1. Quick check on my filter: what residues within region 92-146 are surrounded by fewer than 17 Cβ atoms within 10 Å (Cβ to Cβ), at pLDDT 70 or above and more than 14 Å from the chain's Cα centre (by Cα)?
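The values are calculated or read from the model by the stated rules, or taken from the named source; none is laboratory data. Quick caveat, the model's predicted, so the values are computed rather than measured. Cβ atoms come from the backbone with ideal geometry, glycine included; neighbour counts cover every protein chain shown.
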Amino acid sequence: MKISSRFRSIAAAVIAAASISFAGSAHADSGTIRFAVYKAAFFVGGSGGEGTLTFHGRRYPISIGGISGGLAFGASKTYFQGRVSHIRSARDVSGVYGAAGGGGAVVKGAQVILMTNDKGAQLELTGRQIGLQINVDLSGLAITVK
């Protein structure tokens, strides 16, 4: 059975494109992140905090800021820790992350969140919340690597 040269060219182009795609993602790396966020809300809320990104054995200080709107009441402090993936450098973590979610805590609670920024950095976080906060809101979070 003969394979046409046109088919071979198309197959070679598809394989080359797939190889480039896999090579690009193979260079992406991951690190760990931990930070504390203070949040206060009465319909419209604000949050801020700081923490540390660990990437390739080096620690980078980070700052956190954000706003939220929707049904939100109370004040809380949440300690987050987790993994950041799909990054090539520590600076890739800087950016605006968005998430829609709901949760609640009275004194203590648990949070789990997955968010992505415009550079493709993905945060997989778990958290422990202290305080009184009830929320069903759309939140934004900005992370800056110092």
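1. R128, I130, L132, K146
Yes or no, residue by residue, for (1) surrounded by 13 or more Cβ atoms within 10 Å (Cβ to Cβ); (2) within 18 Å of K119 (Cα to Cα); (3) modelled with pLDDT under 90:
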site: G45; (1), (2), (3): yes, no, yes
site: G48; (1), (2), (3): yes, no, yes
site: H56; (1), (2), (3): no, no, no
site: S63; (1), (2), (3): yes, yes, no
site: A72; (1), (2), (3): yes, no, yes
site: K77; (1), (2), (3): yes, no, yes
site: Q81; (1), (2), (3): yes, no, no
